[in-house]
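Here is the structure we will look at, set down as structure tokens.
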Amino acid sequence: MSSTAHHLDAHDLGVDDDLSDPAVTLLPPDIERLRLAVRTFARNEVQPRVGDLDQAPAEQFDWDLVRAGHAAGLLRLVVPREYGGLGHGVLGVAVALEELAAVCAGTALIFGATMLGQAPVLLSGDPRLQSRFLPLFSGDEPVLACNAITEDQAGCDLLVPENAVHARDVLTAVPDGDHYLLTGRKRFITNAKVAHFACVYANLAGRPGATGLTCFVVPLDSAGVTRGEVADKLGYRACLGTEIRFDRVRVPAENIVGGEGNGMLINVQQMNMARATVAAVSTGVARGAFDLARQWCGERVQGGVPLYRHQFTARKLAEMSTKIDAARLLYLRAARLADSEIPAPSYEPAAAKLFADRIAIEVASEAMSLLGARGYLRGGGMEKFVRESFGARIYEGTPEVLALAITDSLYADDEDF
């Protein structure tokens, strides 16, 4: 992703001066302005909708919220300035997604999944693809994208390069002149129901497993594309997860990203970048739950003093706050490295996500216990954070997949292994 410095103007979004957070004063000035702008957007535009977004039918989608986010620049954060974007890198995306997830993780994923769909086009370095697809995100109306990797049978074999040969029933791409015919299906694809295009990973016909994995940009209004029913999810309900079926969908060869057979390479690179941003989402979920608990423990009086004055409560709050700060520092480090190293590193993003995903669950659980029965009730906000704390463990690498990436890095330079 481009790391050219540019920013949303915090004053354009009516940022209040009291939103400055000393915990992140180490951010570059343009990223700090972005953080404040997105925090104000989340408070003013997302927060009033949270209950309705969570309790609406699974297939309902809030285009008005997306339009507001588009007006705020959230769909073009990583688009280079020459294509009408804001030119932020992974660091800017991660900081923005923490702010959104602290209010609603599902809303964060609408914009995050679009940026994930933009990532292969950006990584391609192909000016033809970039000039065709990236300007779409700077128009008058919002355009969403998605990244179509997940399959029913292949699972993590599409995420671990050495397992590619074992992948089963992968969507196939058959050469047909100067086109390819794509056949198969992708599952649990965020934004697929509402996206303009998808970056689709298909295996070249005749290659075992996913050893011929190739990335194609596929407009989702193409003949032969069918969008399935929306998944009825436990959390992240503001965003839509959908199956996409491909029945001999003709895709021109010029829509290949990075050349034939290089899909796994692109996938690994975008994962290493995206894991830092998913760690930010988990950090945001933990922070949102903690903020509710901190407020309650400052207001609730037991034994003649506020709850936070009791040693047992104080210990919980202190540990929760420390975990959130540690998670933030890990994802900030990973994001900075992803912006500055080619290729993006594997260890730091995987470690940041592994830790942040865990502390989201731990902090949300402890926060609910501090609120007692109130935390268990729908409508108070806490039980939503608890449900959504489990979401990020699934996408962009489970803890087990992350452990493989981390240990591979630990032993990478050891000739004895």
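Since every read-out is calculated from the coordinates, none of them should be taken as a lab result. Bear in mind the structure is a predicted one, so any value in this text is a computation, not a measurement. Here Cβ is always computed from backbone atoms with ideal geometry, including for glycine, and neighbour counts include all displayed protein chains.
So if we plug the beta-carbon distance of residue 44 and residue 369 into 1/(1 + (r/R0)^6) with R0 = 35 Å, what FRET efficiency do we get, rounded to 0.05? With R0 = 35 Å, the Cβ-Cβ based efficiency is 0.70. Charged side chains reduced to their Cβ positions (Lys and Arg at +1, Asp and Glu at -1) give the stretch 264-410 a dipole of some 580 debye around its Cα centre. With a simple spin-label model that places each label point 7 Å from the Cα along the Cα-to-Cβ direction, the separation between residue 378 and residue 400 comes to 3.2 nm. Under 12 Å of direct C-alpha separation, and excluding same-chain neighbours fewer than eight residues apart, residue 316 reaches these aspartates and glutamates: 362, 366.
Calculate, for residue 56 and residue 227, the FRET efficiency according to 1/(1 + (r/R0)^6) with r their C-beta to C-beta distance and R0 22 Å; round to the nearest 0.05.
Values: r = 19 Å, r/R0 = 0.85.
Working from the Cβ atoms, E equals 0.70.
Charges were assigned to the Cβ only: +1 to each Lys and Arg, -1 to each Asp and Glu. The resulting dipole of the stretch 65-129 about its Cα centre is roughly 180 debye.
Once the other residues with Cβ under 10 Å from the Cβ of residue 152 are scored (Lys, Arg +1; Asp, Glu -1), what is the net sum? The partial results should precede the final answer.
On the way: positive: 168, 185, 186, 187; negative: 151, 169, 243.
Local net charge: +1.
For residue 233, list the aspartates and glutamates whose Cα falls under 19 Å from its own Cα; do not include residues on the same chain fewer than 8 positions away. Straight-line reach from residue 233, under 19 Å: 52, 54, 59, 62, 151, 152, 243, 357, 383, 388, 396.
Projecting the Cα positions of 209, 171, 109 onto the charge dipole of the chain (unit charges on Cβ atoms of Lys, Arg, Asp and Glu, taken about the Cα centre) puts 109 furthest along the positive direction. First check a/c for the stretch 10-138, with a ≥ b ≥ c the square roots of the eigenvalues of its C-alpha gyration tensor; if it is under 1.5, answer rounded, and if not, answer prolate when a/b is larger than b/c or oblate otherwise. Note, shape of the stretch 10-138 comes out oblate.
Rounded to the nearest 20 debye, the dipole magnitude of the chain is 940 debye, with +1 charges on Lys and Arg beta carbons, -1 on Asp and Glu beta carbons, and the Cα centre as origin.
Each DSSP beta bridge with both residues in the chain is either parallel or antiparallel, and the antiparallel ones are about 85%. Out of 315, 187, 328, any idea which swings most in a Gaussian network model of the chain, alpha carbons joined below 10 Å? Maximum fluctuation in the GNM of the chain, among the listed residues, is at 315. Who wins for biggest fluctuation among 356, 105, 37 in a Gaussian network model of the chain, springs between alpha carbons below 10 Å? In this elastic network of the chain, the residue with the biggest mean-square fluctuation among 356, 105, 37 is 37. Based on Cα contacts under 8 Å between residues 6+ apart, the stretch 264-410 shows a relative contact order of 35 percent.
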